[in-house]
Structures are given as C-alpha cells and as structure tokens.
Amino acid sequence: MRSAVVVGAGVGGLAVAGALARSGWQVTVLERAERVRPEPTAVVLWPNGVRALQALGLGAGLAAIATPLPDGGVRRPDGHWLVQPRPIPADRMPVVVHREDLHDALIAGLGERVELRTGVTVRHVRVEPGERPGVSDGRQTIEADLVVAADGTDSGIRRQLAPESRVVSSGCAAWRAVIPWYQAPRLPDDQPLAGEILGAGYRFVAASLGERGSSGGSSRGGIYWVATAAGAPRPEPPETQLALLRRWYAGWPEPVGALLDATEPADLVQQEVRELRPLPRAYGFPVGPGGVVLLGDAAHAMPPHLGQGACLAFEDAATLASLLREARLPDAVQAYDRVRRPRAATVVRQTRRMSAVLQTRGRLALRARDAALGTINSRLISSAVASAAQWRPPT
Ligand SMILES: Cc1cc2nc3c(=O)[nH]c(=O)nc-3n(C[C@H](O)[C@H](O)[C@H](O)COP(=O)(O)OP(=O)(O)OC[C@H]3O[C@@H](n4cnc5c(N)ncnc54)[C@H](O)[C@@H]3O)c2cc1C
C-alpha cells in the first residue's frame, strides 16, 4: 500500500489526507498544535474551490453548510457606488461557509485510514537521493512514498526546499468575526449586507451565513465580516482593537457601524496579512522512488483580497489526488509541479493587482482610482471570477 505523510492539519492538509485515504493510501497527518481547531470565522469559496471540493468527494457535505453569496457591488465610504451589484449566474456564484462547519466536513472525510497525530512539530524533511522521503520532529523519522507539506505560510519544509521564497508582510492587517444570529443587528430591507466598501487603505466586506431563524443552510449561522486596514496588526487587547476599528470606520455606510457594535471582543480574530515573494521555484521535488510536494499556503500564501487561498489549496489537493491516480511516483510529483505553478502564479498576479488598487492612498491617487475603479475593479474581478469559474480538476 502506498503511504503519505501530510504535514499540517489546516484545510489543505485535511482535504488532501482524506482524498489520498479514499484512493487507498495509508496516510499519517502530523500537526504541531495539540488540538486541530479552526478559527471561528468564515471563508468565501469561489466556483473553483467548490468544484475542487466536489472532485474530492466532499460536494454533498459542502452543500449542507454553504450559503450563496450574491454580488453586492463595491461602494466608497461615502456610499457612492463604484461598481453596481450585478446578477451572477448560479455556476459563478461564490458561497460562504463557517470555518468550523468546513472543518467538520473535512474531518468527516478523513475516514478510518488516516492517522492524525497532534502535538508533533516537523523540523526536517529528508530528501537524500536514492532514499525514500521522510520527515523528522528531531526524535523520530517517519518515511513515506510521498510527503505533502501543507504546513502553512511559515512552512519549514518550504524553507528547506525552496529557501528563495520568503514570507513578507503585505502591508496590511485583517480583522474578522462571525456575529451569531441571536446577536446580529436587524438591518432595514433596503440596506445591502453583501458587498464591499473601499476606502483609502481600508476595506470592509460582509456576508450572511444562512438566514436568520432558518434551521437549514449553515449550521453555524450569523453575519460574517472582514475588515482590512493598511499598517501592522495592533498589539492592544481585542476590546481596544474593536474601539479602533469603530473609529477608523466611523461614518462608513451602514451596516458597518452596526456590525462593529454588535461584535463581541472575544469573537474578533486579528491577523497580519502576509505573502510569499517570490513564489517557490518548484512545488514538486522528486526524492528517490517518491517525492515531496508543497500545497496550500506553504506553496502560495497570498493576501485574501480575492478570497482564493483556501480555494487554491483545494485545487492543489484535487489535482494531486487525481495525478496520483493516473501516474506513478515520482512522475506524479513532477506533473503536479508543472500543473500547479502556472495556475498559482496567475491567481497571485491577479491578487497583487487587487492589492495595488486597495492600497492606493493620497487624494489625487484616490480620485484617479475611484474614477477608474469601476472599470479596473470590474475587469479585475471579472477576470478573477472567470479564471475561478473556468478551473476544472484534471481528469
Ligand atoms: C483575513 C483572511 C481572510 C481569508 N479569506 C479567505 C477566503 O474568503 N477564501 C479563501 O479561499 N481563502 C481565504 N483566506 C486564505 C485561507 O485562509 C488560507 O489560504 C488557508 O487557510 C490555507 O490553508 P493551509 O491548510 O494551506 O494552511 P494553514 O491553515 O495555515 O494550516 C497549516 C497547518 O500546519 C500546521 N503546521 C505548521 N507548521 C508545522 C510543523 N512544522 N509541523 C506540523 N504542523 C505544522 C499549522 O499548525 C496548521 O494547522 C483568508 C486568509 C486571511 C488571512
């Protein structure tokens, strides 16, 4: 039986571990945290992410927890529409999912064949020519035919195999929360919830997880919001961070103020936004009869402006599982590299263009951006949406 070690039990690691196990592999997942626990936030999945989860056999589980996310357009902080909301065809509509629901679906997909070991920090990957690949936590080495590095943005395996790729700050921090329905403000019927508001270096996006009072849809319903602001993360406690957010976003169109007021400090998740520059020179490393691959943020951490990080991790997982069904190791590792690098590079390029738009500051630059934003943003988003919609898992 072929064996794999997956390093990291984030969404990428869990997705690929389940897929390999369902194809008959013996899989060990090594996770440094003592408990595998998702953040209490949500994630937007574009059609490529949804299609990848379907290819991984998780489509039914996803359908039960996902809420469609209609296009809410883009507004300025003064309420002026930069991009009007447009109807989106059903096959291009993204969905929003609570991360805890997604995590439950991925864990359910692991089945019996996956051994999940927590509290294990991988410190070294063995890539000696002629030997099977393996990973070590400094005490023991675990060999396998395939090592999947799904150990996130700070991946130690990537640092060892692709040291040219560095983690850098994207120049902004993000705050997210899910306000459960029982605590969520009631919004007037004519007030748009979904959609994006874009200021100078500041951005606010909100979406519904299921419907208030409905037992269907997301099992952890509420209103999800994410705010991005230029600068570093704040060292203050969450209460003070919330107070700062209320000050920064004061005067923005509702429901921004109402959502910030309804958020409990304990529900606030702050994160520095970081990315890889340059991207690794390879995603697949043949080693002896097997190989090592980079997957998810370990391969292509990027800012969340187009909501593609987890989607690409699922694409990686679906592609790898499919290639491993078709080709032997180490050929499948080389094929994975050939397929995934150009794909990730395209999405990262689109995300960087979006970063440049978001980070425009200065009155004249802003005026020029706002004048052009209708075109730039809709063109940018259209091409990102089109490339998301067009992606198909390899057959
Ligand atoms: C503000 C924000 C909003 C986002 N919104 C979206 C969105 O709407 N849509 C979308 O698609 N993406 C979004 N993303 C991106 C998405 O969250 C990530 O791309 C995704 O979670 C990456 O998953 P991963 O499994 O690759 O890595 P991670 O989730 O980082 O998992 C890595 C795992 O590896 C473990 N690990 C690390 N080192 C070791 C080690 N040495 N040994 C063992 N275990 C180790 C870690 O503990 C962790 O559990 C967003 C990101 C941010 C910051």
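Read the figures in this text as sums done on the coordinates, not as results from a lab. Note that the structure is predicted; figures quoted are calculated from it, not measured. Reconstructed Cβ throughout: ideal geometry from the backbone, glycine too, with neighbour counts over all protein chains shown.
Provide the FRET efficiency to the nearest 0.05 for the Val357-Arg328 pair, computing r from the beta carbons and using R0 = 45 Å.
The calculated FRET efficiency here is 0.50.
Relative to the longest principal axis of the C-alpha atoms of the chain, give the angle of the C-alpha long axis of helix 331-358, reported between 0 and 90° and rounded to the nearest 10°.
Long axis of 331-358 versus the principal axis of the chain: about 20 degrees.
Give me the one-decimal nm value for the distance between modelled label points at Arg349 and Thr395, 7 Å along each residue's Cα-to-Cβ direction.
My value for the distance between the label points is 2.8 nm.
Using a Förster distance of 56 angstrom, determine the FRET efficiency expected from the C-beta separation of Ala258 and Ser23, and round it to 0.05.
0.70
So how far, in whole Å, is the C-alpha centre of region 81-118 from the one of region 1-57?
Their Cα centres are 12 Å away from one another.
Nothing charged except the Cβ atoms of Lys and Arg (+1) and of Asp and Glu (-1): what's the magnitude of the dipole of region 108-217 about its Cα centre? Round to the nearest 20 debye.
300 debye
Give the dimensionless ratio obtained when the Cα radius of gyration of region 21-122 is divided by 2.2 N^0.38 Å.
Rg over 2.2 N^0.38 Å, computed on Cα atoms: 1.40.
Scan around Val29 for amide H atoms under 5 Å from its own, H built in the peptide plane at 1.01 Å from N, and keep only partners 5 or more places away or cross-chain.
For Val29, the qualifying residues are Val6, Glu115, Leu116, Arg117.
Under unit Cβ charges (Lys, Arg +1; Asp, Glu -1), what dipole magnitude, rounded to 20 debye, does the chain have relative to its Cα centre?
On the way: 46 positive and 38 negative charges, 241 e Å.
Rounded to the nearest 20 debye, it is 1160 debye.
At 0.36 nm per residue, minus the direct Cα-Cα distance, what do Val269 and Ala243 gain on full extension? Give it in nm, one decimal, please.
7.9 nm
For the pair Ser136 and Ser169, how long in nm is the line joining their label points, each one 7 Å along Cα→Cβ?
Spacing of the two 7 Å Cα→Cβ label points: 3.6 nm.
Is region 141-224 rounded, prolate or oblate when judged by the Cα gyration tensor, a ≥ b ≥ c being the square roots of its eigenvalues, rounded requiring a/c under 1.5 and prolate requiring a/b larger than b/c? Could the numbers behind the result be given before it?
Working: a/c = 4.41, a/b = 1.83, b/c = 2.41.
Here region 141-224 falls in the oblate category.
Please list, in order along region 270-287, the HN-Hα scalar couplings obtained from phi with the Karplus expression 6.51 cos²θ - 1.76 cosθ + 1.60 (θ = phi - 60°), rounded to whole Hz, x for Gly and Pro.
9, 8, 6, 8, 10, 8, 9, 9, x, 5, x, 6, 8, 10, x, 10, x, 9
Just want the answer: with Cβ charges of +1 for Lys and Arg and -1 for Asp and Glu, which residue in Ala21, Leu193, Gly156 is farthest toward the dipole's positive end in the chain?
Of Ala21, Leu193, Gly156, it is Gly156.
Between Arg35 and Thr121, what FRET efficiency follows from the Cβ-Cβ distance if R0 is 25 Å, with the result rounded to 0.05?
Plugging the Cβ-Cβ distance into 1/(1 + (r/R0)^6) gives 0.95.
Going by average Cβ neighbours within 10 Å, how do the peptides 330-338, 161-169, 129-137 rank, with the highest at the top?
Details: 330-338: 19.7, 161-169: 14.9, 129-137: 16.4.
Highest-to-lowest ranking by the protection proxy: 330-338, 129-137, 161-169.
Return a whole-number percent for the relative contact order of the chain, with Cα pairs under 8 Å and 6 or more residues apart as the contact set. Walk me through the numbers before you get to the answer.
On the way: 869 pairs, mean separation 90.1, N = 395.
Normalised by residue count, the contact order of the chain is 23 percent.
Can you tell me the orientation of helix 99-108 relative to the chain, as the angle in degrees between its alpha-carbon axis and the longest Cα principal axis, to the nearest 10?
Once rounded, the angle reads 30 degrees.
Got a sec? Which residues in region 49-91 would a label at Ala386 touch, if it sits 7 Å along Cα→Cβ and we count backbone N under 16 Å?
The answer is 89.
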